[in-house]
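The values are calculated or read from the model by the stated rules, or taken from the named source; none is laboratory data. Here the structure is a predicted model, which is why all the values come from computation and not from measurement. Here Cβ is always computed from backbone atoms with ideal geometry, including for glycine, and neighbour counts include all displayed protein chains. Surface areas here come from the heavy atoms of the whole protein model, side chains and all, with no ligands, DNA or RNA. Shrake-Rupley method; radii C 1.70, N 1.55, O 1.52, S 1.80 Å.
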Amino acid sequence: MADRIQLSEKLRESLLDSANMPTEISVGTGTYTPNFPVAAGYKGTVWKVTDKFGRPRALKLAVLDDYRERSYLEEVRRAAKLEQYPAFARIDDAGPVTLNLPDHPEHPFIGFVEEWIDGDTLDEFLKKSGSVISPSLMVSYVSTLSSALSALQATGLRHDDLHSGNVLIAKPPTGQIEGEYQIRIIDMGSLKPAHPPTTKPKDDHHHFVDHLVEIHNAIHSKRSIPISERRFLSEVEKLINSMLEEDATIRLRDPVQIKHQFELALSRASTPQTNQNSQLTSPFEFLSAEHIADDRLLVDMFAKSCPWLEKAVRADPCLITGPRGCGKSTMFRWMSLKAHLADPVSDLDEINLAGFYISCATDLQNRFDWVTTTELAEQYNREIIHYFNLLLTREVLMTLNSLSDHEEQRGYWGFGSSEERALRDFVFRHLHTDSIFQMQGVSLLRQTLEVIERKMFDCHSLMMSGSSVWPTLPASYLGELTSLLCKAMPRFQEKKIVFLVDDYSIHRLPAPVQQVLNRVIWERRSSHIFKLSSEKLGAELRDPSGTMAELAREMVEIDCGREYLALEDNRKGSLGYSFAVELLNNRLKKAGYSGTAEQLIGISSWPEGNLARAIVSVKPGRRDFYHGLDCIASVCSGDVSTLLLIYRRMFEAGQVDRNTTHQIPKNVQHESIQAVSREMLEAVEAYFPKGPDMHRVVSRFGRLVRDILENGREQKKEDATVLTECPRIEIDQPEGSAYSLLSDEQESLARELVRRAIFIEMEPGLSRHKNVTTLRWQLRRVYLPAVRASLAKNNAVKEKMEWFQLFLSNPEEACSFVFDKWQKRKSGPGSHPDQLSMPGIDSPAQER
């Protein structure tokens, strides 16, 4: 079929030959005079023509076979919906066309007459207009394309062929006073309904990202660019990574937000002081810390009631793990000294650390993602360590540069001209740099930063060319740098120097690279420590020699999901509640909203006593039991992005604005929570790898939790009868690790379930009946509303290792086996048919 709807090479050549064209071509209701051919594709050619009034038009001659199963009128009607949007070229006419061509007499086509646009395609423009390609051009391009994508969404359409050849940089008409170039989208004959999604390799959004990468590279390729453009390109890289983010809950995809974020990036890059306007236009403007360039705004929005913050800020090395969007990046950036220097009211005496933050996603991934083998990592191990040392040094100097602009900060930290010179001399000595070109009025710190940035660029360039770098900074360099800082600036002896390495995960940095960097990270120094963040099971804890870091000694692991769930186990659920409330209230305040979280959402309350009873006793048509701040706090399993997404959906559905102070209806809250839960559950199936298998496991176990709640035996606890809520799995491990007893396929699936935080692996327990450890998995609670289950835990699925193996291979059979034991028994003499007494099991989590 594909061959039928493509032009043959011979037919394409005939269509491009002016000698073969008639003097007039009738299309629809008009007659057009061919001028010259413009382009040819797989399914058609484009000619410039003029109508009977002499107006230029573009005539697309499309293969008729492409319209055997659909009408060209559909495309014209779709294009008509977009006529009010100036970014799109207008279709004037359409209809069948018959041409007599050599070897193709009476050959039929479908003709589309489109507005003629005089300009260059994006590809052509970038190749020949290097001098005018600038950040402002990119922002203008983003503005137009974002508006176009928004228009397509509003009209329920997709362009479906939005490659850079279908975007024109249109020249201004001769004599136009403004002389403004415009960005126009052509080939409107490819329009399709938005649903179902495209089957092509790339949708409109991903084509848009490709365009931005091309523009970024065109700016970057210029021989020399000013610092403002370099700052802008750095911001753009973060935004592009956000637009390609794997996690849909934090992906930058909304056209309005894309336009706004690129405008902010240009503003920040053009103005050295980026912390002038610390306000939000919406409480949900930033769902990810990577989108917040303003450190002062981040500090103001940070919720200090974060339950695991107390552990994270201790002066000890730690590895913070948890699901994507759980707030690891926000916490690390808040812990950085640079962030607090941006906040004029920050009390530095309350901070016990001096943090220096780097992001693996921004600063390292694109440098080392090609080093995927141990052999490559060992070949370039000196260069990898050298680059890492330079990167951390740059962050230290940039932070000191921030405080040097404020006299009171220089005094507080003891950073004067002698310390600045000592730091410059230290860096130059280790880099074997004797002198540099020096200009009056440029600080020593700025000169040093320029040298470091040049060395970083040279290091990466030489590595990519297969060359070695000499000299390089050794693994011990960082300790010498921090020792100098502590000696020259005694405040650093009081405030522990900590390097905050964010997203230190294998999907950002290949394991061989991490093993090399661990030589620097695991080095014990009294002058500094490292704190890492990663997704669960994402950090490689070995060095090239195979030595394994002991988390109990070298670095303490703080699992955000585990910490959050443990609050309920330890009767500290109020801490999670306080965090959920403060998180929203901080954002409402920064956005200038009158209402508070308590006013707009309220406290959870159920006439039946608790959520579990409300679900079981629900009447037909009732949809209001998932509501209130208590319930929302429970839905969250340490994932901040989920909290914000639920809040956002509630505000949108409840039409909350800056002046709203009344409570969002409970049924609206309920539907918003369930909608987010269903979306996140459905998203599991698209995860790579193991998406379908993981979706099968989580869906079936979720239904088991609900079935036991609704149709399982109740429990008698402390002279009361309670429903059974068991979203946790507990497996006794007779010896060794449970994972070691799984097949390769089962182990791979189990690790993905934990890595993706579909199940949160709790601290191993100790069996009450045997002296063995117990593997404890708890289902991430955000999936429970999708299956209409409760959120608390008062029991667990307690099975043997054989059941766990079956669960990973055949979750349907494994869950049926469990439910057969839990379902209600029939009444009999002397029995309690609906009760199950389980002495020694945890009592229910406290209900608010």
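Worth a mention:
- The combined condition, being within 34 Å of the chain's Cα centre (by Cα) and at pLDDT below 85, is not fulfilled by SER748.
- Among the candidates VAL299, VAL345, VAL313, residue that is at pLDDT 90 or above, surrounded by fewer than 24 Cβ atoms within 10 Å (Cβ to Cβ) and of a type in the set (A, V, I, L, M, F, W, C): VAL313
- Selection of the range 452-481 for residues being in a helix (DSSP H, G or I) and surrounded by fewer than 18 Cβ atoms within 10 Å (Cβ to Cβ) yields GLU453, ARG454, PHE457, ASP458, HIS460, SER461, LEU462, MET464, GLY479, GLU480.
- Some residue of the range 289-296 being open to solvent by 10 Å² or more (accessible area, probe 1.4 Å), out of contact with any helix residue (DSSP H, G or I) (no Cβ under 6 Å at 6 or more places or on another chain), acidic (Asp, Glu) and not in a loop (DSSP other than H, G, I, E, B): no
- From HIS460, HIS432, HIS406, residue being touching a helix residue (DSSP H, G or I) at 6+ places or on another chain (Cβ under 6 Å), of a type outside the set (S, T, N, Q) and at pLDDT below 95: HIS460
- Against the test of being farther than 17 Å from SER190 by Cα, modelled with pLDDT of 90 or more and aliphatic (A, V, I, L, M), the options VAL113, VAL97 yield a single qualifying residue, VAL97.
- Of the residues making up the range 676-699, those that are open to solvent by 10 Å² or more (accessible area, probe 1.4 Å) and over 14 Å from ARG781 (Cα atoms) are GLU682, ALA683, GLU685, ALA686, TYR687, PHE688, PRO689, LYS690, PRO692, ASP693, HIS695, ARG696.
- Matching residues, the range 33-65, being buried (at least 19 other Cβ atoms within 10 Å of the Cβ) and touching a residue at least 60 places away in the same chain (Cβ under 8 Å): GLY44, VAL49, ALA58, LYS60, ALA62
- Residue check, GLU725 buried (at least 19 other Cβ atoms within 10 Å of the Cβ) and not in a loop (DSSP other than H, G, I, E, B): no
- Scoring ILE529 on the criteria (1) in contact with a Phe, Trp or Tyr (Cβ under 7 Å, 6 or more places away or on another chain); (2) open to solvent by 10 Å² or more (accessible area, probe 1.4 Å); (3) aliphatic (A, V, I, L, M) leaves a single failure, condition (1).
- In the set (1) within 22 Å of THR321 (Cα to Cα); (2) of a type in the set (S, T, N, Q); (3) in contact with a Ser or Thr (Cβ under 7 Å, 6 or more places away or on another chain), the condition left unmet by ASN659 is number (1).
- Out of GLU106, GLU69, one residue alone is out of contact with any helix residue (DSSP H, G or I) (no Cβ under 7 Å at 6 or more places or on another chain), within 22 Å of ARG12 (Cβ to Cβ) and either open to solvent by 30 Å² or more (accessible area, probe 1.4 Å) or in a loop (DSSP other than H, G, I, E, B) (or both). It is GLU106.
Okay, residues lined up against (1) more than 29 Å from LEU709 (Cβ to Cβ); (2) open to solvent by 40 Å² or more (accessible area, probe 1.4 Å); (3) touching a Leu at 6+ places or on another chain (Cβ under 6 Å):
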{"residue": "ASP559", "(1), (2), (3)": "no, no, no"}
{"residue": "LYS590", "(1), (2), (3)": "yes, no, yes"}
{"residue": "THR596", "(1), (2), (3)": "yes, yes, no"}
{"residue": "SER604", "(1), (2), (3)": "no, no, no"}
{"residue": "GLU608", "(1), (2), (3)": "no, yes, no"}
{"residue": "GLY621", "(1), (2), (3)": "no, yes, no"}
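- The condition of being farther than 30 Å from TYR504 by Cβ, among the β-branched types (Val, Ile, Thr), part of a helix (DSSP H, G or I) and free of Cβ contacts under 8 Å to residues at least 40 places away in the same chain holds for only one of VAL581, VAL668, that being VAL668.
- Residue within the range 239-256 that is open to solvent by less than 70 Å² (accessible area, probe 1.4 Å), more than 30 Å from GLU535 (Cβ to Cβ), at pLDDT below 90 and out of contact with any helix residue (DSSP H, G or I) (no Cβ under 6 Å at 6 or more places or on another chain) present: no
- Residues within the range 492-521 that are over 18 Å from GLU378 (Cα atoms), open to solvent by 10 Å² or more (accessible area, probe 1.4 Å) and assigned to a loop (DSSP other than H, G, I, E, B), tallied: 3
- Which listed residue, of SER129, SER164, SER140, SER134, is at pLDDT 90 or above and within 23 Å of ASP210 (Cα to Cα): SER164
- Residue that is closer than 21 Å to ARG587 by Cβ and open to solvent by 60 Å² or more (accessible area, probe 1.4 Å), where the choices are GLN655, GLN669: GLN655
- Matching entry among GLY628, GLY702, GLY712, GLY736 (being open to solvent by 10 Å² or more (accessible area, probe 1.4 Å) and either at pLDDT 95 or above or over 22 Å from the mean Cα position of the chain (by Cα) (or both)): GLY736
- Matching option when the condition is closer than 30 Å to ILE219 by Cα and within 39 Å of the chain's Cα centre (by Cα), among GLU124, GLU74: GLU124
- Scanning the range 31-59 for residues that are in contact with a helix residue (DSSP H, G or I) (Cβ under 6 Å, 6 or more places away or on another chain) and of a type outside the set (A, V, I, L, M) yields LYS43, THR45.
- The listed residue being surrounded by fewer than 20 Cβ atoms within 10 Å (Cβ to Cβ) and part of a helix (DSSP H, G or I), out of SER402, SER329: SER402
- Restricting attention to the range 348-379, the residues that are modelled with pLDDT of 90 or more and assigned to a loop (DSSP other than H, G, I, E, B) add up to 5.
- Selection over the range 631-650 of residues that are open to solvent by 10 Å² or more (accessible area, probe 1.4 Å) and farther than 17 Å from ARG678 by Cα gives a count of 1.
- Qualifying residue in the range 189-209 (condition: touching a Phe, Trp or Tyr at 6+ places or on another chain (Cβ under 6 Å) and either farther than 16 Å from SER150 by Cα or assigned to a strand (DSSP E or B) (or both)): yes
- Residue in the range 83-96 that is open to solvent by less than 40 Å² (accessible area, probe 1.4 Å), in contact with a Pro (Cβ under 7 Å, 6 or more places away or on another chain) and assigned to a strand (DSSP E or B) present: no
- Taken together, the criteria place LEU484 among residues that are assigned to a helix (DSSP H, G or I), open to solvent by 10 Å² or more (accessible area, probe 1.4 Å) and either small (Gly, Ala, Ser) or closer than 30 Å to ARG421 by Cβ (or both).
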